[in-house]
Every structure is written in C-alpha cells, then in structure tokens.
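One structure below.
Quick note: the coordinates plus some simple rules give every number you see, no bench work behind them. Because the structure is a prediction, the values reported are computed rather than measured. Here the Cβ positions follow ideal geometry from the backbone for every residue, glycine too, while neighbour counts run over all protein chains shown.
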Amino acid sequence: MKLHFIPFAWAINERMFFWLGGLVCGLGATGLLAGALGVAHAAEALAVLSGLVMLIVITVYARGRFALAALPGNRRGHQGAGTSSSGEL
C-alpha cells in the first residue's frame, strides 16, 4: 500500500498526495479484505484499479485541478513547506 503519500502531503504541503495516498490505500485495503473473504482475484482487480486511480489523480493534478488560488509570485498557488503567508519561516 502507498501510505507514504500521506506524510508527503504534510511534508511538502501538497494536498494531492493526501488524496492519492488515501484513495490508493483504501482501494488496496478493500482488495485485501475482499480477497481474505474469498472473493477470487479481488486483490489483483483492485490493484489494477488503484493504478488507474493513481493515473487519474496525477493527470488531474497535472492539469491544475488541485492547485489553490494563485498567490502573488507563486504560479502553482501553494506556499511550499515551512513558509507562512508572509514568506517568513
């Protein structure tokens, strides 16, 4: 599972990683649970679905849908880790 995306969201101040990690982890856990309950090929099917979800989330991000409203001097609209709204650490 891709739990490492969730700390990335906090560390680099990018909300896309929170959604990516949450969705992929949730789908992976669902696949494992369904497989443990005897559903044939559930883990494999949800692993493929997780990959498709990852592609969709990254594509949506690349098209600017996760960007917040632009700040002056910041094209992407986020401040980056360790900065405040005034630009001080």
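Where Rh denotes the Kirkwood radius from the mean inverse Cα pair distance, what is Rg over Rh for segment 5-62? Spell out each step's value before the answer.
Values: Rg = 12.8 Å, Rh = 11.9 Å.
Dividing the radius of gyration by the Kirkwood radius yields 1.08.
Spacing of the modelled spin labels on residue 56 and residue 10, each 7 Å from Cα toward Cβ, amounts to 2.8 nm.
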